[in-house]
1. If you check 884, 873, which single one turns out to be under 21 Å from residue 729 (Cα atoms) and touching a helix residue (DSSP H, G or I) at 6+ places or on another chain (Cβ under 9 Å)?
2. Could you list all residues from the range 482-500 that are exposed (fewer than 14 other Cβ atoms within 10 Å of the Cβ), at pLDDT below 85 and part of a helix (DSSP H, G or I)?
3. Please tell me if residue 137 is exposed (fewer than 15 other Cβ atoms within 10 Å of the Cβ) and more than 30 Å from residue 254 (Cβ to Cβ).
4. Inside the range 856-870, can you point out the residues that are touching a residue at least 40 places away in the same chain (Cβ under 8 Å) and either out of contact with any helix residue (DSSP H, G or I) (no Cβ under 8 Å at 6 or more places or on another chain) or surrounded by fewer than 20 Cβ atoms within 10 Å (Cβ to Cβ) (or both)?
5. Does residue 35 qualify as being surrounded by fewer than 17 Cβ atoms within 10 Å (Cβ to Cβ), within 37 Å of the chain's Cα centre (by Cα) and either on the phi < 0 side of the Ramachandran plot or touching a residue at least 24 places away in the same chain (Cβ under 8 Å) (or both)?
6. So which of 807, 772 is touching a strand residue (DSSP E or B) at 6+ places or on another chain (Cβ under 7 Å), in contact (Cβ under 8 Å) with a residue 40 or more places away in the chain and in a helix (DSSP H, G or I)?
7. I'd like to know if the range 104-113 contains one or more residues that are within 27 Å of residue 35 (Cβ to Cβ) and either in a loop (DSSP other than H, G, I, E, B) or not assigned by TED's automatic domain parsing to the domain that holds residue 604 (or both).
8. Check off (1) at pLDDT below 85; (2) touching a strand residue (DSSP E or B) at 6+ places or on another chain (Cβ under 6 Å); (3) farther than 28 Å from residue 618 by Cα for residue 782 and give me the number that stays unchecked.
């Protein structure tokens, strides 16, 4: 069915359909969430177990290994990672992508429930939760108030701020950093405890049992129902001081007589600094699927109300990733519009007709806007990847319309009316347009369903391109012919005669004739004719063979095979060049933020961490380009809670993203001699011109011009003199640029191997700042009970541990007694004086209660000595793991650094128990390359199937596939010249190039087949195809390159992500377009010869297909009937004319017939 003809005859239906699509697409555009990256749903489950005071070694043996063994048997588990620190064990279980997250969480909970009885009784209840990998906090705020204490400020955030924000649409959670929670601290005097014969643990137990309100049943006094409550809560600190503590022998003492009671805040385990000032910070996380921009607007509105209600509190934003998200959104929209405008300008320059340009330009919004509706239906968002898809598709969306309108204009030149030309031209080009669109869809659909984390990115890209291209096909088949039929005029025709060809077109026609063998020099023709004449008259069999060859094959094969050999050589060197391009997962990006992980020696305290971070702030605060410095002490950027760790975030001044300034300063401004004077002229001299000066643009750069990598080098140079710190730079994903895990069950072998490797890798020039993220030994006090003596006194190791723990840090958080103050429960922490921790003799003198109720010094039942143990333990897949990572020096790609890393490891003799495992970006990149290769192979097979079905030919589709590698040379040249790695955006661009090159070849092959069907010789058919299709091919290629140009400049947020892809696409388009126009005609004839050869070889084995009459469509039957009626009418008119003449003769003079001999 000719859909275009139906649309032309019934214009109302398609116009209404696209009007409806435009309405729902516009609504969907404003409803789509705006995010930085696609919403990624990874089935990742966390199991967290806490045990106050427990060391990492104890937790690993008693808790972590039990949990790992329990979850390892769950179906679908892909990787198990554990981190064990003081008092806390965290195990992350990653499942394969096909496992539903809810099922993964439930399976882990069931596994933990089965082993709960095997865990120590003193551990808190294990917490199983889903890990949300939507990303980091979208905004971070600092809160300060001159008249509030640290605890009051923390409570203000927990109470007032969280109440205002939580529950609002799109807000996921609010996390507070720094500050401290309120608590009642009871510091017991050891001497008084000894005097009264009581221990801190005894006091803690009595308070836990007495200071509480409890439900006590119900009563029915006086015939009515009452509840019974026992109120034991002190209700105030003063009343708590008067609490009576029972002693042995019937004695008692007031709690206030045993020590000091303070209403204070908990002992700090972390701190926050913003530009050197102490602050309490909180971070806002968005809910899954919510728009970052909408959430930021909601947060701003809510916080404005909080500021108005609390004028003495200052809330300042210190980190805003929404700026980059919205900046990417604006930059992508500008790129789309600029690309569309450039594409339309190119079309106008070629067609030189405003009606044809308008019809082609309408295809852009009619194709792009309905795509937003499909994106909304599929749960996509407006992010870096989906905008990349739309940016790429900008040139393609107008391609089909250009091909249609150019063909219609050519038919008008034949003398047809625009109405008839639109119907016949659309029918003629229909198969080619459908084939090109189907091949692009066939390429992108398999990539959309790649497995793993890369598949989460590619699904939004591939399906967005596929649907937008599908809508462009609908526009090209319905709207473009319809508009052309009713809007175009007879004067809109295009010259289509050989005599009107330009000099360039005549040269191209001559080149095609040469490569296809349709033209040869005169001397060669004369030579061949003489050889044929001489050989034809000879009786020699060899000469007869030469005559037969020249008579049937001739010299035409020379040009074809020379073209084929040249194409193969070009392909070989292109592949070699592409192999030299280093690979990377994502291109380096100037994020405007430098995240540093600071690590101190294992014996460092929080005060030491604070001192070092203050020194770091003093060193970097005055660097050029640094806007603010945020320090979070007591935690690493990855969330590891240790007193000796800190996270330092340097927010840089926002980089300059003006397209005009980029063109002037980086483009024209870099030209020798002209550049500097032009920049000076634009910035200064032009202002002095009369009338013009006041309106002249100012090319002065307002933002940051120094790249982030240069600032990073200065930061490390400033931090190098600071002693006793290890500084590691992390990327936006919280990972090092390159990281490898080393696993072993033998801790000694692992530590030895890491020490050797770390020293060797630091000598590799492709790696920078090499360091191992392993557990360092730290000093510790080890209590070893003398078991015989302790047993005689009825003292157990558990009693010793509880007594020492309560005396030094208090009881575990879940077991602390509570007091009701200010309408909330405040924990009561009972412990000995803080001076006790600093005195080893005082620790040894701690009293331990015996079975008889008396007390003895700790030193009488146990030995206390200095020793060392691990500060933290990391495990991967039930092995001890140490991660060795490094930064990438400027200009070094991930593949290059990974290769150098692997080579250094291979050259090192490692213990047999130590093995290497990829992690971070290197692991994701390897997974992406493998999945991408499989998806491309499947895409090629689908393309081949589509072409075979559409062309109803098995051999000629290979002509189109053989043209695909022609773009490789352009991609390699573009990447090498611009020094860009082969990253994920570039792979996306290569996918798009497959569709573009296929489109060019389809247009040529389809027209040649059509000409052959009309009786033209194959050589001349291919020459005519090149001449007729060169114009639309070049036009669409230039339009797409123009649409990609704003992206290639890398201007705007996310520009560094789009630029490599655009550069690769532009290079590939230029090279593939030129080569396709030259190589495909020769390929076509070679493949046709191959088809004939295969037909001759297999023709004897396979029966011939019987020719069947073609079934005519209704439209063809109608046209045939009309023509027959016209013919019959004409014949009837001729018969009537003959009858009239005969009648006239009969009415004239009568002739009497006489016999032959009548006269005689």
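The values are calculated or read from the model by the stated rules, or taken from the named source; none is laboratory data. Please read these numbers as outputs of a predicted model, since none were measured by experiment. Note: ideal-geometry Cβ built from the backbone for every residue, glycine included; neighbour counts use all protein chains shown.
1. Criteria check complete, one pass: 884.
2. Initially, the range 482-500 is screened for residues exposed (fewer than 14 other Cβ atoms within 10 Å of the Cβ), giving 486, 489-491, 495, 497-500.
So of that shortlist, the ones also at pLDDT below 85 come out as 489-491, 495, 497-500.
Those that are exposed (fewer than 14 other Cβ atoms within 10 Å of the Cβ), at pLDDT below 85 and part of a helix (DSSP H, G or I): 490, 491, 498, 499, 500.
3. Considered against the rule, which asks whether it is exposed (fewer than 15 other Cβ atoms within 10 Å of the Cβ) and more than 30 Å from residue 254 (Cβ to Cβ), residue 137 comes out as no.
4. Those that are touching a residue at least 40 places away in the same chain (Cβ under 8 Å) and either out of contact with any helix residue (DSSP H, G or I) (no Cβ under 8 Å at 6 or more places or on another chain) or surrounded by fewer than 20 Cβ atoms within 10 Å (Cβ to Cβ) (or both): 856, 860, 863, 864, 865, 866, 867, 868, 869.
5. Criteria not met by residue 35.
6. Working: 772 fails: in a helix (DSSP H, G or I).
807 is the lone residue from the list that is touching a strand residue (DSSP E or B) at 6+ places or on another chain (Cβ under 7 Å), in contact (Cβ under 8 Å) with a residue 40 or more places away in the chain and in a helix (DSSP H, G or I).
7. Yes.
8. (1)
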